[in-house]
Amino acid sequence: MTSDVDAVAVKPAAPVWRAHGGARRSTHALRLRASAALVAVTVLTVLLVPPLVQLDQQAVDLAAKLEPPSWVHPFGTDDVGRDLLLRCVYGLRVSLLVGVVAALTATVIGTAVGAAAGALGGRADRLVMRLVDTLSSVPHLLLGIFIVAMFRPGVWPVVISVALTHWLSTARIVRAEVLSLRSRPFVDAAVSGGSSRWRVTVRHLLPGVLPQAGLAAVLMVPHAMWHESALSFLGLGLPTHTASLGTLIQGARGSLLAGQWWPTLFPGLFLIVPTLAVAGLAGAWRERINPRRRSELML
C-alpha cells in the first residue's frame with residue numbers, strides 16, 4: 001500500500017520535468033532565430049543600403065543640424081546636418097569590415113601558434129606558452145594603442161592592431177584541443193603506422209581544432225568591433241571624417257552634454273545589437289560542438 005502511494009506521489013514529477021525542459025528548448029530556439037534574423041538584417045543592411053540609397057553620407061546641411069528624429073531623418077541629424085541613419089549604416093559597414101578581417105587574421109595566427117605548440121610539445125610548447133602568457137599580461141587596449149601609434153590613422157593600422165592583440169586566446173584554445181587530440185587512439189594509430197609529425201598535424205590535428213577555431217573567430221568579431229570603436233573614440237583609430245561607430249560616438253560627445261541624445265544613442269545601438277546577435281549564434285554553435293553541455297541545457 002505504501003509503495004502505491006509513493007508511486008502516485010512521484011509519478012506527476014516526470015511530466016513537470018519534461019515540460020520544464022521543453023520550455024527551455026523553446027526559449028533556446030526562439031533566441032537562436034532572433035539572433036540569426038538580426039545577423040541577416042545587419043549583413044543585408046551593410047551590403048544593400050549604400051548602393052541602393054543614392055545619398056552622400058558626407059553631405060553637410062548646416063540648416064538642418066541636430067534635428068531630432070523625424071520622418072525625413074528617422075535617426076535625426078548630427079552637428080553638421082548629416083543624416084544619422086545613413087551615417088550609422090556606413091559606420092557599421094566600416095566597423096564590421098574591421099571586425100571580420102581582424103578576427104580572421106587573429107584566428108589564423110592563433111591557430112597556427114597553438115597547433116604548433118601543441119604538436120611540438122616539450123621545450124617549444126613551454127617557450128611559446130610563456131610568450132603567450134607574457135603578452136596576455138599587457139592590457140589589450142594599451143598594447144593596441146602602442147601599435148596604432150606607429151602608423152598613420154586608417155583602417156589597416158586598426159586591423160593590424162586588433163589582430164596582433166587578439167590571437168592569444170585562440171592560441172590557448174587550439175593548443176588545449178591539440179593536446180586532447182594527441183591522446184586519441186586514431187593519432188596513436190597514425191604515429192604507429194609511420195606518419196610524420198607534420199602529416200599527423202595537418203591530416204588529423206588541424207581538422208579536429210577547426211570547429212573550436214571557427215567559434216573563436218565568430219566570438220572575436222564583436223570583440224574586434226568594440227576594440228576598434230574604443231580606439232576611434234580615443235582619436236587613435238580611424239580618421240574623424242571616416243564614418244565608423246567609434247568616430248560617430250566620439251563626435252557626439254558635445255551634443256550629448258547639450259541634451260541631444262540621438263547622435264550617441266543610435267550609433268551605440270548599432271554596436272550593441274549586432275554584438276548580442278553574434279553572441280546568440282555563437283552560443284548555439286558552442287552547444288552543438290559540445291554535446292555534454294548541450295544535454296545539460298536540455299534538462
>> With every protein chain left in place and a probe of 1.4 Å, what is the accessible surface of Arg130, to the nearest 10 Å²?
In response: 130
> Over region 27-75, what lengths in whole Å, largest first, do the semi-axes of the equivalent ellipsoid take, defined as the square roots of 5 times the eigenvalues of the alpha-carbon gyration tensor?
Replying inline: 32, 15, 7
>> Among 213-225, 62-74, how do they line up by average Cβ neighbours within 10 Å per residue, starting with the highest?
In response: 213-225, 62-74
> To the nearest 10 square angstrom, what accessible area does Ser136 show with a 1.4 Å probe?
Replying inline: 40
>> Give me the 1.4 Å probe accessible area per residue for region 19-128, excluding ligands and nucleic acids, in Å².
In response: 55
> Roughly how many Å² of Ile160 are accessible to a 1.4 Å probe, to the nearest 10?
Replying inline: 70
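Quantify, in whole percent, the carbon and sulfur part of the accessible surface of region 183-239 (1.4 Å probe; protein heavy atoms only).
That fraction is 65 percent.
When only Cα pairs under 8 Å and 6 or more residues apart are kept, what is the percent relative contact order across region 62-125? If you can, show how the numbers build up before the last one.
On the way: 47 pairs, mean separation 11.1, N = 64.
Reported as a whole number, the value is 17 percent.
Pairs of alpha-carbon atoms within less than 8 angstrom and 6+ residues apart define the contacts here; what relative contact order does the chain have, in percent?
25
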> Ordering Glu177, Glu228 by how much accessible area each has at a 1.4 Å probe, largest first, what is the list?
Replying inline: Glu177, Glu228
> Measuring from centroid to centroid over Cα atoms, what is the spacing of region 27-105 and region 183-261 in Å?
Replying inline: 22
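The values are calculated or read from the model by the stated rules, or taken from the named source; none is laboratory data. Note that the coordinates shown come from a computational prediction; the quantities given were computed from them, not determined experimentally. All Cβ positions, even for glycine, are placed from backbone atoms using ideal geometry, and neighbour counts span all protein chains on display. In case anyone asks, the SASA skips ligands and DNA or RNA and just uses the protein heavy atoms, side chains included. Shrake-Rupley method; radii C 1.70, N 1.55, O 1.52, S 1.80 Å.
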